[in-house]
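A quick write-up on the structure given underneath.
The values are calculated or read from the model by the stated rules, or taken from the named source; none is laboratory data. Owing to the predicted nature of the structure, the values given are computational and were not obtained by experimental measurement. Cβ coordinates were reconstructed from backbone atoms using ideal geometry, including for glycine residues, and neighbour counts include every protein chain displayed. Remember, those area values only see protein heavy atoms, side chains included, never the ligands or the DNA or RNA. Shrake-Rupley method; radii C 1.70, N 1.55, O 1.52, S 1.80 Å.
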Amino acid sequence: MEPARDAPLESGGAEALLGELEALVREVVRASSWWERHGVDCAILALSLFALPAGFLCLRSENVLVFALGVTILGVCHYTLTVKGSHLAIHGALTESKRWSKIWALFFVEVCTAFTAEYGRYGHVKMHHGYTNVLGLGDSSTWRLPFLNRYVYMFLAPFLIPIITPLVAVERLRKVELRAALRTFGLILLGLYSHYWLLLNVSGFKSPGSALACMLLTRSLLAHPYLHVNIFQDKKPRRIHMMSLGVLNLPRLPVLDWAFGHSIISCHVEHHLFPQLSDNMCLKVKPVVSQFLHEKQLPYNEDSYLARFWLFLSRYEELMVQAPPITELVGLQ
């Protein structure tokens with residue numbers, strides 16, 4: 001008789017099951033080409049970089065629709081580079097070279113996201129993955145703003161993310177070595193000033209204020225779903241169930257799958273089980289993982305975006321106020 005879905009398993013049985021699943025996934029990975037393992041996601045990131053000139057040029061237009069297209073291109077590309085790119089780079093999923101993994105982490109996290117790679121890695125890999133949904137460590141309480149009501153938090157607070165991110169990064173620099181702090185500060189300035197300079201000199205903005213306003217607009221285009229999917233966690237995990245019970249998958253959402261990556265949206269369970277797999281590989285092993293967990297009567301959580309949104313809106317006090325500050329909201333989750 002197989003264990004009930006919520007019954008705790010002994011550590012030995014848990015490790016045996018995880019080993020069995022790892023063997024199945026390892027076979028899928030071995031049979032996959034470089035293009036499947038890394039190429040697809042690298043191509044998406046490259047396309048986002050190549051699309052940036054078109055976005056900046058569209059902002060020169062006086063036609064409202066063309067201007068809106070430019071904002072959309074820059075906004076989606078920004079989140080693809082900062083969320084998907086940073087997430088994959090931090091996990092070393094873009095390349096099998098450790099040296100290049102570090103270089104890509106500096107580019108995507110510090111230049112593009114305006115955050116510090118050291119704290120991005122610590123907050124995401126060490127804390128979020130290491131203590132998934134353990135209260136005060138790897139749970140969504142680190143995203144709280146208890147002095148805001150639910151509607152301000154869910155609908156207006158996301159606009160603060162592009163502003164708070166570099167400010168928190170600079171505050172974090174006090175705790176790292178001087179050499180690393182100077183490097184991070186320089187790369188953050190490079191990323192922010194490059195964006196600002198391109199808006200003035202390529203897009204044709206006439207004043208610093210209008211350029212800064214456009215920076216805020218494009219950098220907050222997908223800030224709402226970014227915050228929402230990071231607080232859409234499930235209940236506290238138990239023993240062996242930690243990796244599958246502590247997180248859930250949302251259904252396929254094309255824009256968010258592209259900009260945030262499958263491992264954050266529709267394959268979050270797979271990502272927490274196998275964090276070094278690229279987004280495309282998480283999608284490829286998803287049927288294997290889903291079938292295995294269902295056969296072993298282990299949890300495989302799935303829910304819709306709207307269902308989780310209304311859950312957090314209705315239980316906001318319990319989930320996001322009475323929990324352990326928004327300084328952890330930025331960076332990588």
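Observations on the structure shown:
- In sequence order, the range 215-231 has phi-based couplings of 4, 5, 4, 5, 6, 10, 4, 10, 5, 5, x, 4, 5, 4, 5, 7, 9 Hz under the Karplus curve 6.51 cos²θ - 1.76 cosθ + 1.60, θ = phi - 60°, and Gly or Pro positions carry x.
- 1.4 Å probe accessible area per residue over the range 60-107, in Å²: 50 Å²
- With a threshold of 21 Å on the Cα-Cα distance, the over-threshold entries among 84/286; 126/286; 126/284 are 126/286; 126/284.
- Applying 1/(1 + (r/R0)^6) with r as the Cβ-Cβ distance of residue 291 and residue 35 and R0 = 35 angstrom yields a FRET efficiency of 0.90.
- Quotient of C-alpha Rg and 2.2 N^0.38 Å, computed over the range 16-56: 1.84
- Protein accessible area in the range 6-119, 1.4 Å probe - carbon and sulfur %: 66 percent
- Solvent accessible area, Å² - residue 163, 1.4 Å probe, full protein context: 80 Å²
- Share of carbon and sulfur in the accessible area of the range 152-195 stands at 75%, probe radius 1.4 Å.
- Taken per residue, the accessible surface of the range 143-195 reaches 59 Å², heavy atoms only and a 1.4 Å probe.
- Nitroxide proxy distance, nm - points 7 Å out along Cα→Cβ at residue 216 and residue 51: 2.5 nm
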